[in-house]
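Taking it in order: structure first as structure tokens, then the write-up.
Values quoted throughout were computed directly from the atomic coordinates according to the rules given, and no laboratory measurement underlies them. Everything numeric here is computed off the predicted structure, so don't read it as measured data. All Cβ positions, even for glycine, are placed from backbone atoms using ideal geometry, and neighbour counts span all protein chains on display.
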Protein chains: 2
Amino acid sequence: MTAQLDLLKERLAVIHNLNRAGSVLGWDQQTYMPPGGSHARGEQMATIGRLAHETFVAGETGELLQTAAEEVKDLPAGSDDASLVRVAQRDYDQQRKIPAELVAEMTRHGAEAFQVWARARERNDYPAFAPYLQKTIGYSRQVAELLGYEDQPYDALLDIFEPGMKTAQVAAIFEELKKDLIPLVHAIAERQDRVDDSVLHQEFDEAKQEAFGKMAAGLYGYDFTRGRLDRTVHPFETSFSRNDVRITTRYEPDFFNPAFFSTLHETGHGLYEQNVGESLEGSLLARGASLGLHESQSRMWENVVGRSRGFWQYLYPQLQQTFPEALKDVDLDTFYRAINKVEPSLVRVEADEVTYNLHIMLRFEMELGFLDGSLSVDDGPEIWNQKMQSYLGITPPNDSLGILQDVHWSHGLMGYFTTYSLGNILSLQLYDAAIKARPEIPQQISQGRPDTLRCWLEENLYRHGRKFEPNELVQRITGEPIQSRSYMRYLKEKFGEIYGLDKSLPSPTQ
Amino acid sequence: MTAQLDLLKERLAVIHNLNRAGSVLGWDQQTYMPPGGSHARGEQMATIGRLAHETFVAGETGELLQTAAEEVKDLPAGSDDASLVRVAQRDYDQQRKIPAELVAEMTRHGAEAFQVWARARERNDYPAFAPYLQKTIGYSRQVAELLGYEDQPYDALLDIFEPGMKTAQVAAIFEELKKDLIPLVHAIAERQDRVDDSVLHQEFDEAKQEAFGKMAAGLYGYDFTRGRLDRTVHPFETSFSRNDVRITTRYEPDFFNPAFFSTLHETGHGLYEQNVGESLEGSLLARGASLGLHESQSRMWENVVGRSRGFWQYLYPQLQQTFPEALKDVDLDTFYRAINKVEPSLVRVEADEVTYNLHIMLRFEMELGFLDGSLSVDDGPEIWNQKMQSYLGITPPNDSLGILQDVHWSHGLMGYFTTYSLGNILSLQLYDAAIKARPEIPQQISQGRPDTLRCWLEENLYRHGRKFEPNELVQRITGEPIQSRSYMRYLKEKFGEIYGLDKSLPSPTQ
């Protein structure tokens, strides 16, 4: 009855195992590999990646997909098997459209562009990077044309990371958010003196930071028998199965934030991966539904929970006990305000919860312009700086701290930045839905028991893996399309209180 | 001109990269993988192993081997390319002879037999394990028949681990060695009171043990920019390329030997792998020539150098400084004698340099008997105990400490044990050749500079990888076939001095 489906699953399992093996190699590369190992590791990862890709896009996969689709056509659309065939077909169609030679060409370009970008950033030499950015844009356009789109090229790129989402939808959400966000940022910028975060810049023993971070991840429900926390230059989460999900962080001995909040952030990603439904294990559905939904979880656990007053009501006494020299004379309120300090700044990766999205919107708007030709590469720095001034009220002193700051465009990734802001927005829309269903959540968090929240997320989001597209999932879970209202209300209430802002600021909640 | 050879190399590179990727997964499995990861890891490793094997034994490989052989037929036999084709053909022929279904069947049997063996050892229940051992013997015979042999089945199994070596050759070497070894062991056993190793059983801080072991590995020339030392339950060495060679050890807080000497042991393996010729990198020649030759290096650096008086003349003051509480009142001679204590004991893995080989010979003789049918599985324990009594003067109180002690036979590995003793024997034959060529080596070792020894080994052994068979290599390096004379002379001189033995003991050197 399901003979073809079984054959399809067998074939996909080989590809899955190759891809996950490649992830193990990548994890090792960033954690424990000695420097000498990099050349051979590149070869090993390239071989595995190529085999996985070739096996997936081979004609045999397409034939199995067709015959298997026939077998599952009477199953409910949300069943594991029907979803598997549907999502696999989607991936297959997408990957078949990009010829292997183009992928290889883009990979080579990316490697070269990365080197040029690193030098250009070091020397503040945008003109040196500009021709490579131009080429990256060309490749992005080419990929968009090959993938196809109805409305505009950016749709095709966005669809890689956020299946089914459209540029117009994102643009509308961002426009609405921006309307309230810019006045909020400016209002806070005028009250910089309200928050002092110097208490976070003291000596924090690394081993104690690590133990405290692990304790907090455990408190969130991250399962260390099915995961681990290691050190890397750039924190990340990666998974080899739902039962082997690794996270990493980095420690600064004289600043509390980087290790702790990146641990919570990666824990959020990890919770998602550890709790994908067991029935999906070993299939290509065993992943988060999209980058945006993944980011909604890292942001929810990092910010919405991890920077909330309630959470620290519970945890702060323990933190004081862990670091008595630094914190014994610092009260909860001072600490809470410090970890929530907002300050317009030049560099995205150092941006706070409020200003972060404006960094993203700037990039979104520029990518749209680059792609449709309305913005030339030569005008890049000027537009960047104008937008920084208009959104955040500051102008980069040089391009290294401006348009050259991110690695993404060197790799040829366009359409990716957007998912960061979608994650922020979704974190609150989902959190509000959770609270509506389980009003006891905030109180439980302030008692150190975020279990109800995690279980609700597991039930409503995590367990489904990639079975549904983001728009469908959000509608199912929250009863409405993606909206920025919840997020904006959260920002206004939380930071209005911290910065003592006038209640008369326009509020979309009223 | 070498178009076919290039195609062959390309194909072999894919297989090589898959195999090395599998090794990374295996390393992670034993070092950092959380317990939950084991099921998926098994799947990933199985997929990679199967793809590598299928690609290698496919008909296309055979065709490329034939046409490439034509291209290299005028090259010198010792050239990289001619060696590659020859060794690849050998591996190909060997692996083609064992059907994939048989391999799968043996793997399943091994997994089951392992469980049964573990339970049987725990409960001292040999009869429970006996049928599985019988089946293992059956598989070993079947493999031997499929591989083919001229003289006896054991030849075929030995050839897997020691290409070109024959059972008769090993038997003759072992017989000669045994003649002198048994009297030596008995003479030492009567003088147990001459050596006291209680100084080694004190408190040794684990972090300090680790730092000291790393320092010693570095002193040997192990390159930590191309390797690392981690912790595992069972120490091992594994390599992903000559530039990424990992070793592991385990620490006991109240016994100095296990971590330190296993670190030196694995460092010996690591030195071999790190110094395989660069031109062989990425090919199937980039490995030690055989298990015996590999073991000759672990044993040379662990024992011949690492347990020598000269080495500790240099290193002991540093060890005393590292562990002043344990060692400040212990003189060099006491320490040197302690780390060289000889004591007939029941368990192979805990055996010392002198008695170790008798454990191996016992297993070699029993494997021969099992294979040719002259020894029945039912008689196993009795023969084991008789040999223990005759060789080592002790009889196991039960089978758990006797015939059930090793994991090897549960996995169906016969022919493997032999390589341990070949390694011991070769370690001295090679060391003597090194000293003959570079008489300054012992003095340099006692000054903490074993560089000349390592470079001589690199030049004469390591760099050749798998280009030559063991017999050929040993003849090239030492000017004679494998012999146990050097090894026996070393044992008599070293332990004769330590235990104050009568010089009139028969010596093969005179």
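Taking every DSSP beta bridge with both residues inside the protein assembly as shown, roughly what % is antiparallel (nearest 5)? For the protein assembly as shown, the DSSP antiparallel bridge percentage is about 45.
In this Cβ point-charge picture (+1 for Lys and Arg, -1 for Asp and Glu), region B:263-387 has a dipole of about 380 debye about its Cα centre. Using a cutoff of 8 angstrom between alpha carbon atoms and counting only pairs six or more residues apart, the relative contact order for region B:3-97 works out to 36 percent. Under a model in which nothing but the beta-carbon of Lys, Arg (+1) and Asp, Glu (-1) is charged, chain A shows a dipole of about 500 debye around its Cα centre. For peptide B:219-229, the mean count of partner chain Cβ atoms within 10 Å of a residue's Cβ comes to 2. Projecting each Cα onto the charge dipole of region B:3-97 (Lys/Arg +1, Asp/Glu -1 at the beta carbon, about the Cα centre), which of B:G37, B:A82, B:G49 comes out farthest on the positive side? My answer, from the dipole projection, is B:G37. Ranking A:Q386, A:A113, A:Q95 by how far each Cα lies toward the positive end of the dipole of the protein assembly as shown (charges on Cβ) leaves A:Q386 at the top.
Note on region A:212-346: semi-axes of the ellipsoid equivalent to its C-alpha gyration tensor, largest first and rounded to whole Å, are 29, 15, 14.
Using 1/(1 + (r/R0)^6) with R0 = 30 angstrom and r between the beta carbons of A:K179 and A:A437, what's the FRET efficiency to the nearest 0.05? Can you show the working numbers first?
Working: r = 29 Å, r/R0 = 0.98.
The value I calculate is 0.55.
With N the number of residues in chain A, Rg(Cα) / (2.2 N^0.38 Å) evaluates to 0.98. Both the radius of gyration and Dmax for region B:3-97 are 16.3, 54 Å, in that order, over alpha-carbon atoms.
Label-point spacing at B:P439 relative to the other copies reads 9.6 nm, in ascending order, each point sitting 7 Å out from Cα along Cα→Cβ. For chain B, relative contact order (Cα pairs under 8 Å, six or more residues apart, normalised by length) works out to 20 percent. Taking 21 Å as the limit for the C-alpha separation, the pairs A:K73/A:K97; A:K341/A:K436; B:K178/B:K387; A:K208/A:K328 exceed it in the case of A:K73/A:K97; A:K341/A:K436. With a Cα-only, solvent-free Debye model of the protein assembly as shown, what are the log10 I(q)/I(0) values at q = 0.06, 0.10 Å⁻¹? Normalising to I(0) and taking log10 leaves -0.56, -1.28.
Hey, can you rank B:268-278, B:481-491, A:214-224 by average C-beta count inside 10 Å, highest first? Walk me through the numbers on the way to the answer.
Details: B:268-278: 24.0, B:481-491: 20.7, A:214-224: 18.5.
The densest-packed peptide leads the list: B:268-278, B:481-491, A:214-224.
Charged side chains reduced to their Cβ positions (Lys and Arg at +1, Asp and Glu at -1) give the protein assembly as shown a dipole of some 560 debye around its Cα centre. Taken residue by residue and averaged, Cβ atoms of other chains lying within 10 Å of the Cβ of B:41-52 number 5. Toward the positive end of the charge dipole of the protein assembly as shown, with +1 on the Cβ of Lys and Arg and -1 on the Cβ of Asp and Glu, the farthest Cα among A:P442, A:P153, B:Y222 is that of A:P442. If you keep only loop residues by DSSP, which chymotrypsin sites (Phe, Trp or Tyr not before Pro) in region B:116-151 have at most 16 other Cβ atoms within 10 Å of their Cβ? Here the chymotrypsin sites (Phe, Trp or Tyr not before Pro) that fit, given the DSSP loop and packing criteria, are B:Y149. With a cut-off of 12 Å between beta carbons, the residues surrounding A:N471 carry a summed charge of -3, where Lys and Arg count +1 and Asp and Glu -1.
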